[in-house]
Each structure stands twice: as C-alpha cells, then as structure tokens.
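Below you'll find the structure, written out as structure tokens, and then a few comments.
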Amino acid sequence: MIRTLITILAAAMTAAATSPRVESVPDPAAFYSPYMGTGASGCLVPVASMPYGMVQMAADTYDLGNGYKYFHDGIMGFSHQHKSGSGGGSDYLDILFLPVRGEDWVGRDTLEYDFKTPFSHDREWCDPGYYAVELPEMGVKAELTATPRCGAHRYTFNDDVQKEAIVINLEHGNRSNCTIIPEDWYDTVKVAHIEKVGRHVIKGYRISNGWCPEQHVYFYARFSKPIDKVDFYNARKKLEGKVKSTEGLDVRAILSFGGKKGEPLEVNVGISAVDMKGARKNFRAEARRKRFDDILSAARSAWHEELSAIDISGTDEEHAKVLYTCFYNAHLYPCLYSDVDGRFRSSDRKVHKGNFRYFAGVLGLWDTFRAQFPLTTAMHPDITRDVMKTFQEHFDNCGQLPIWTLSGQENMCMIGYHSMPVIADAYAQGVRGFDAERLLDAMTTSACRDTFGFFLRSFRGAKDYLNLHYVPCDKEVSSASKTLEYVYDDWCIAQMARMLGNEAVEKEYLERATWYSNVFDPTVNSMRGRNFDGSWREPFDPFLSNHYRANDDFCEGTAWQWSFFVPHDGTGLMSLYGGRDAFVRKLDSLFVVSSDLHGENPAGDITGLIGQYAHGNEPSHHTIYMYNYAGQPWKTQEKITRVVREFYNSGTSGICGDEDTGQMSAWYVFSSMGFYPVTHGTGLYFIGVPQQEHLSFRHAHGTLTVDAPGFSTENCYIQSATLNGVPFTKNFLTHAEILEGDAALCFVMGPEPNPAWGSAPSDIPVSMTADAE
C-alpha cells in the first residue's frame, strides 16, 4: 500500500525530531556509517581503502556477492580486492589472509575447503580507511588499512596464543558471476602460485575467470616478523620435504612466525594486475619501510580531505550520517588499475604502458554516467582526464569504448553505450588534456558497430537499431530500453560534436536522437516493444517485468518506469503525450498507480517503489526532475524530499537498491545540494531542493554555498531564490554559474508550493526539440 506524502513527511519529521541537530562538522568521518546498506540489497562492504584505490581491504563473511553481509556471524579471512556497492556484486575477493593460532593449525596434513571463525559486531570497528575486528577463537585483533595499490594488515595476538600464524588461501575467490543463468555461475582458478622469498617475504599470483574473462592478481607481501616455517598445500594436502613454492588450482600456505612475542605482526602487501615485479614495485613505492600507523594516517588524511569538501549545518544527525556516508561511497570509483610504473592490463588482456593512471578496475557506466561521474569530474577533473585516456586506450585495444569493465576487461554488462555521456559531460565541464578529436571518432565508431558482444547470452549490437531506427523486440530482449538508451547516448555524441565544431556528426546524431519516438505508442500512451515488421508487441502490460526472458522489453523495469527516459528532450516527450498538461498527468500517475509487478520473473532490481517510480534502480533517477521541463518544479521539490527521507537511512537497510558503484549515493549527494545533472554534455543542472539549511561544496575551481534557511520536511517548497545576490527564477543552473568559481545560492523556503517560481517558459531547461526550433 502506498503511503500518502503527509504520512511520509510526518514520519520523517518524527525521526528528525529524535535525531540531534547538526550545526557544524569539524570531522566528517565522525558521521560515516560503515554498516549502511550492508544488510539488504545495497551490496556495500565496510572496506579499508583509499579514494579511487585499486585495493579494497575487508573481511569476507562469505564468498558470494560483495563478500560481506551484516547478518553473518563468521569471517573466512581478509581479502585484498572487493567491489563495495558495485552492481552485479561478483568477482574479486582475491588473496585471502586469515590469522590463526599456530598451535592448532601448523602441521595439519589437510585443510578444510572452507573455514569460518566467529566474530561479533560489538568487537568490530570501521571508519574511512580503516577496518578492525577481534577473532576470539583465534585470539587475535585484526586491523586493515590501504594505500592506493597496497594492503596493510596488523595482527595483535593475545598472550595465550603459543604460535602466531597466517593462512594464505589462493583458491578463495568470489564463486558467483553476474548472471541469472545457473550454468554460468562460476569463478574458476586457471592457475595460482605461491612462493617464499627470504625470511620476510611471500609472493604469488591468482589467475581466474568469472565475470571477468581473465583476471590477474599478483601480490608481494612483506611481514614484520621473520617467517619460521611455511607449510605449502596443493589441493588442500600438505606438501612434504623442502618446498619453497607450489603452483596449481587450489594453492594455500600456512606461515608461522618467530620474533618478539607481544609485538603486533604487520604485513604490507603490494597488489598488481600486471606481474609479480609490478606488485613488488607497488610495494616499494607505497609501503616499503612503512609501519601500519603511517599508512593508516595517510589514508585517514586522504579521506578527511575528500569528505571535508562538503560542510553542512542546520539539519538532523541522521541526514548528516547518510550524506557523508554517500559522499564516501561515491569516492570509491572509478577504480585505479595501473601500477606505479604506468603499466596496466587492458581490454585485450595484454600489458600496456601509459603516462596516465588507468582507471578501468571497475567502470560501471550504466549506473555512474548519471551522477557519480559528474560528481567526480566536479571534484577531480584530473581523474576524469585520465578516465578519458583510459577510454581511448580501451578502444585502441579492443575496437570499442567501454560499456562495463572489470579488471580492465569488457564484460558487456547492461545496455547502452554509456561512455558517451561521460565523455560529453567531461568536455562540457572543461576537462582537457586528452585527444578529444580521436575520442569523438571512437564514439562514432563504437555507436555504429553491428555487434558489441553478449551479456547473459543476450545479443548486444546496433545493427537493427541503425536499420530500423529502433531495436526490434522479437529479435532482442530489453529492446525498448535499448532504443531509449542508444538514443540518449547518440544525443551525447551530438553534444560532443557540437563542442568540437563537427557539424556533420552533430547533425547525424541529432537525427538519431529523435528515434525515441519510434517506440512510443500513442494508443497506449507509453513506450512499448515493437516487432521487426513495425507492429507492436501484444499484449501490452505496463506493469510487466520478466527479467531477461523473451518478452522482456524493458531492462530491469516496466513500461511505466522507462516511458520517461528521454532526459534530453522534455519538449519532444511532452509533445508525444499530448502537451504539457497531459505529460504532467502521466508523470503524476507514475507515483500513484499500483506498485504491483506482473510476470513470471520480475526484476529484483525494481525496488524503492512509490507507485511505479523505482528509486532503487538507476533508470528512474532523473524522472522526478522531469517536472522541471513541465514548469512544475514544486513537484520535484516535494518528491525529492520524500525520497531522501524514505529510501535512505544510516542503518544496514540504508540503500533501497544496489548501490551500483556509487550512483545511488551520488544521487543523494547532488539532490541534497539542491540540483542534479539530468542532461550530460550541456553543463545544465536541474534544481530540486536543498536538504539542509546550509551546505558548502569545495570543488576543483572554488566553493559553492547553498543556503535554505528554515528548510524542513514541512518547509520544502522554494518561494524564491538568488544567485550571487541577484534574483534567480530559473529552475535550472549552468555549470559556469555554480562550478567554475565561487558562487552562492540562496533559497527562501515555505510550507506551500509557489507555482510562480521556475515555471515561466524562459525559466525552463532548453531541450533538444526546443533548441532545434
């Protein structure tokens, strides 16, 4: 049953009333909530990592998903690579260390296939850059931190532990794959190797396949105490004799240590996707001769610098916790994937070298093009510049711009070709230092490939789209969604061409950007699947979701949710619906119709429902802001306030859907600031409503302050606004106005809508159709 707005806001007011007020934030890390989204579908993990780092250190409570669930009560060990909050939630969890009581473990003839040791959240600690937990059965406190390319461990054993030891498990990895096809659910070790090098060093590698076709992880680990003995295991059986290394499919080792008892055992581990030399170089550059506390201090300083970019006051503590935790989550991606010497393993699985940081460790572009990348670009244009070079390198090595990469390789996850909005938006935000003309060529080449590849055994390619000007539903699943996303990506190509003065490409792709109308059926007032012969799929059910089945025309959604995915052309979309008033009635209906889903296999990603609005999945993230196109921004203000309060909290259920590589969090950050990047490549942000009385945002070119005195869940309607002291009536902002220097926005708030503000034709964002006219 759908609760009324009054009920929702009353509940939010009650929660806010019981939550202390926040009037200053001297230490943003104090508001970080490490367990937010760790117990439900958020796929978040309390990792110890550097911003945008290659390494995400964490406890593995199981070997599926993202490796950690709050409701688990056992730990398998501590692995060096995770995908906290990443869509798909598969692969990684490589190079597992587990501290153990040597008196119970050293000398065992065989090892268990899996092992867990109990823990309690009462004896677990997490903050940005740090994770710690006590393992009572092992008599040890484990602590983790990281550099960009190295993991750091500190194990403090109890006095009753007779022999300090560590199990290294190279068979362990993520046993799941991003698939709904049972026979494709696997993670297979192709080969693993481990060897002892001197008294303090162990090195090795794990090469496997799963969601990533061929994942290479090399490590170089130096221990602070001398290694007394190493028991090597192959296929879980101990190898006898003087063995210094072993190689195989199931490779493990138990290390026991000498040294002074009572002193912590510290381990610094270099990680590389290139080779063991690369792992050693990364170790020497970032962790050699460094104590755990030195590395931890650097990690905490890095996170303080990032998180202190936002300062807020005049809000409740719960909102502050969610905002700073979301801001943290949005800084984990894109993942660094190159060594200190510039080498990296690219989309062709070969090793290359560049003079830039290769950020293809995790690129979840279907999610992150929307808000996470615009946020990253605003704060770190240097990172986005290197992402542009990463895109070009990826294209040069496989002939196509990235769609979804893991470990530097393409896996074809999801639909669309969403490198395009990232590139266009970066250029519109002023990112330079890359070959934009070459990248435009890569954009047009990628958008015209007959075949991209396959995902979930489903075809990806532009052949029929280019021929019919839509994707036919009797030949491809998710056909209507593919059409809409290809169209939007084509519009972004046109924006890039416009900025580079290439009129021919701009004209061609502006034409392609109108093809969304080819999957709109006026007889049902909705987007709809269309057959190769031009007829519509029958029967039509706007509540149908049959995830990746033959009659599934809408990717992870329904016709209701996808019928508003025309971010670039509000005017044209309103025309299809019969004008502004008819469009608003349709958009209003989205939030009040039944939340029921039809079909044998509805997509599990359709969560966070208000009617058929699904905030738990990315295709809906721009939808509320579409009211701005219709000149009714007060409805945007009302519904943004509701979503912020209803679908986010600082607890284990704090994300209403998969975090999806920082996108769910980036939506919250932008929406809390009071605006959102609906269209990419234009430098426009649609105004919503600030979610606190005061916010300052330190970006790459200055500081933006946003004031909304008196804001509350009751006082959520904008009455008037000023920009740098000058009256401001538009319901959108430009990048130049707010993010190219210092700027000050101020909103006067009230308890009732002001239909006069932001509703005049001159105050509405320009869309493609209006621009053409």
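The values are calculated or read from the model by the stated rules, or taken from the named source; none is laboratory data. Quantities reported herein were computed from a predicted structural model and do not represent experimental measurements. Glycine gets a Cβ as well: all are built from the backbone with ideal geometry, and neighbour counts include every protein chain shown. The accessibility values were calculated without ligands, DNA or RNA, using every heavy atom of the protein model including side chains. Shrake-Rupley method; radii C 1.70, N 1.55, O 1.52, S 1.80 Å.
Of all residues in the stretch 262-284, those satisfying the criterion of being over 15 Å from TYR218 (Cα atoms) and touching a residue at least 60 places away in the same chain (Cβ under 8 Å) are GLY262, PRO264, LEU265, GLU266, VAL267.
Kindly establish whether PRO755 is touching a residue at least 24 places away in the same chain (Cβ under 8 Å) and open to solvent by 70 Å² or more (accessible area, probe 1.4 Å). So PRO755 fits the description; yes.
Can you say whether GLY262 is of a type outside the set (A, V, I, L, M), surrounded by fewer than 17 Cβ atoms within 10 Å (Cβ to Cβ) and at positive phi, as far as the supplied structure shows? It is true that GLY262 is of a type outside the set (A, V, I, L, M), surrounded by fewer than 17 Cβ atoms within 10 Å (Cβ to Cβ) and at positive phi. Tell me, please, whether a residue that is farther than 24 Å from PHE675 by Cβ, surrounded by fewer than 22 Cβ atoms within 10 Å (Cβ to Cβ) and in contact (Cβ under 8 Å) with a residue 40 or more places away in the chain can be found in the stretch 352-365. Checked against the condition, which is being farther than 24 Å from PHE675 by Cβ, surrounded by fewer than 22 Cβ atoms within 10 Å (Cβ to Cβ) and in contact (Cβ under 8 Å) with a residue 40 or more places away in the chain, the stretch 352-365 yields at least one hit.
When you scan the stretch 439-478, how many residues do you find that are touching a residue at least 40 places away in the same chain (Cβ under 8 Å) and in contact with a strand residue (DSSP E or B) (Cβ under 7 Å, 6 or more places away or on another chain)? Looking only at that region, the number is 8. When you scan the stretch 233-259, how many residues do you find that are free of Cβ contacts under 8 Å to residues at least 24 places away in the same chain, out of contact with any Ser or Thr (no Cβ under 9 Å at 6 or more places or on another chain) and on the phi < 0 side of the Ramachandran plot? Looking only at that region, the number is 3. Among residues of the stretch 697-720 being open to solvent by 40 Å² or more (accessible area, probe 1.4 Å) and within 15 Å of GLN429 (Cα to Cα), the one that is nearest to the chain's Cα centre (by Cα) is ALA700.
Count of the stretch 504-554 residues, restricted to those that are open to solvent by 60 Å² or more (accessible area, probe 1.4 Å) and under 25 Å from ASP581 (Cβ atoms), is 2.
Summed over the stretch 684-696, residues that are surrounded by fewer than 23 Cβ atoms within 10 Å (Cβ to Cβ) and out of contact with any Gly (no Cβ under 6 Å at 6 or more places or on another chain) total 2. For the stretch 480-497, the set of residues classified as over 16 Å from ALA442 (Cα atoms) and either more than 23 Å from the chain's Cα centre (by Cα) or among the aliphatic types (A, V, I, L, M) (or both) consists of ALA480, THR483, LEU484, VAL487, listed by residue number.
Determine, yes or no, whether TYR333 is out of contact with any Pro (no Cβ under 9 Å at 6 or more places or on another chain), open to solvent by less than 20 Å² (accessible area, probe 1.4 Å), in contact (Cβ under 8 Å) with a residue 60 or more places away in the chain and not charged (D, E, K, R).
yes
Of everything in the stretch 721-752 that is of a type in the set (A, V, I, L, M, F, W, C) and out of contact with any strand residue (DSSP E or B) (no Cβ under 7 Å at 6 or more places or on another chain), the residue that is surrounded by the most Cβ atoms within 10 Å (Cβ to Cβ) is ALA736.
When ASP348 is tested against (1) within 23 Å of ILE640 (Cβ to Cβ); (2) acidic (Asp, Glu); (3) assigned to a loop (DSSP other than H, G, I, E, B), only condition (1) is not met. Do you know which residues across the stretch 655-667 are touching a Phe, Trp or Tyr at 6+ places or on another chain (Cβ under 6 Å) and either buried (at least 24 other Cβ atoms within 10 Å of the Cβ) or free of Cβ contacts under 8 Å to residues at least 40 places away in the same chain (or both)? THR661, GLY662, listed by residue number.
Would you confirm whether or not the stretch 719-736 contains a residue that is within 26 Å of GLU618 (Cα to Cα), polar (S, T, N, Q) and in contact with a helix residue (DSSP H, G or I) (Cβ under 7 Å, 6 or more places away or on another chain)? The answer is yes, given that some residue of the stretch 719-736 is within 26 Å of GLU618 (Cα to Cα), polar (S, T, N, Q) and in contact with a helix residue (DSSP H, G or I) (Cβ under 7 Å, 6 or more places away or on another chain).
Each row is one residue, and each column tells you yes or no for (1) touching a residue at least 12 places away in the same chain (Cβ under 8 Å); (2) open to solvent by less than 20 Å² (accessible area, probe 1.4 Å); (3) among the hydrophobic types (A, V, I, L, M, F, W, C); (4) more than 21 Å from ILE655 (Cα to Cα).
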{"site": "LEU576", "(1), (2), (3), (4)": "yes, no, yes, yes"}
{"site": "VAL584", "(1), (2), (3), (4)": "yes, yes, yes, yes"}
{"site": "ASP605", "(1), (2), (3), (4)": "yes, no, no, no"}
{"site": "LEU609", "(1), (2), (3), (4)": "yes, no, yes, no"}
{"site": "HIS615", "(1), (2), (3), (4)": "yes, yes, no, no"}
{"site": "THR623", "(1), (2), (3), (4)": "yes, yes, no, no"}
{"site": "ALA630", "(1), (2), (3), (4)": "yes, yes, yes, yes"}
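The single residue among ASP339, ASP348 that is open to solvent by less than 10 Å² (accessible area, probe 1.4 Å), farther than 29 Å from LEU484 by Cβ and acidic (Asp, Glu) turns out to be ASP339.
Can you tell me which residues in the stretch 367-386 are among the hydrophobic types (A, V, I, L, M, F, W, C), in a helix (DSSP H, G or I) and farther than 13 Å from ARG357 by Cβ?
Within the stretch 367-386, PHE373, LEU375, ALA378, MET379 qualify.
For the stretch 202-213, a residue qualifies if it is modelled with pLDDT of 95 or more and open to solvent by 10 Å² or more (accessible area, probe 1.4 Å), and the qualifying residues are LYS203, TYR205, ILE207.
Return the residues of the stretch 453-490 that are closer than 21 Å to LEU544 by Cα and acidic (Asp, Glu); say none if nothing qualifies. Those that are closer than 21 Å to LEU544 by Cα and acidic (Asp, Glu): ASP474, GLU476, GLU485. Applying the set (1) open to solvent by 20 Å² or more (accessible area, probe 1.4 Å); (2) over 24 Å from VAL689 (Cβ atoms); (3) in contact with a Pro (Cβ under 7 Å, 6 or more places away or on another chain) to GLU317 leaves exactly one unmet item: (2). Would you check if there is a residue in the stretch 386-409 being of a type in the set (Ser, Thr, Tyr), on the phi < 0 side of the Ramachandran plot and at pLDDT below 95? Yes; the residues of the stretch 386-409 include at least one that is of a type in the set (Ser, Thr, Tyr), on the phi < 0 side of the Ramachandran plot and at pLDDT below 95. Any residue in the stretch 268-282 that is more than 21 Å from ARG349 (Cα to Cα), in contact with a helix residue (DSSP H, G or I) (Cβ under 8 Å, 6 or more places away or on another chain) and open to solvent by 10 Å² or more (accessible area, probe 1.4 Å)? Within the stretch 268-282 (the criterion being more than 21 Å from ARG349 (Cα to Cα), in contact with a helix residue (DSSP H, G or I) (Cβ under 8 Å, 6 or more places away or on another chain) and open to solvent by 10 Å² or more (accessible area, probe 1.4 Å)), the answer is yes, since at least one residue qualifies.
For the condition crowded, with 21+ Cβ neighbours inside 10 Å, among the hydroxyl-bearing types (Ser, Thr, Tyr), under 24 Å from the mean Cα position of the chain (by Cα) and within 30 Å of GLU393 (Cβ to Cβ), TYR324 does not qualify. Considering only residues of the stretch 26-50 that are under 17 Å from the mean Cα position of the chain (by Cα) and open to solvent by 20 Å² or more (accessible area, probe 1.4 Å), which is nearest to LEU64 (Cα to Cα)? Result: CYS43. When residues in the stretch 97-117 are screened for being more than 15 Å from GLU137 (Cβ to Cβ) and open to solvent by 10 Å² or more (accessible area, probe 1.4 Å), 8 of them pass.
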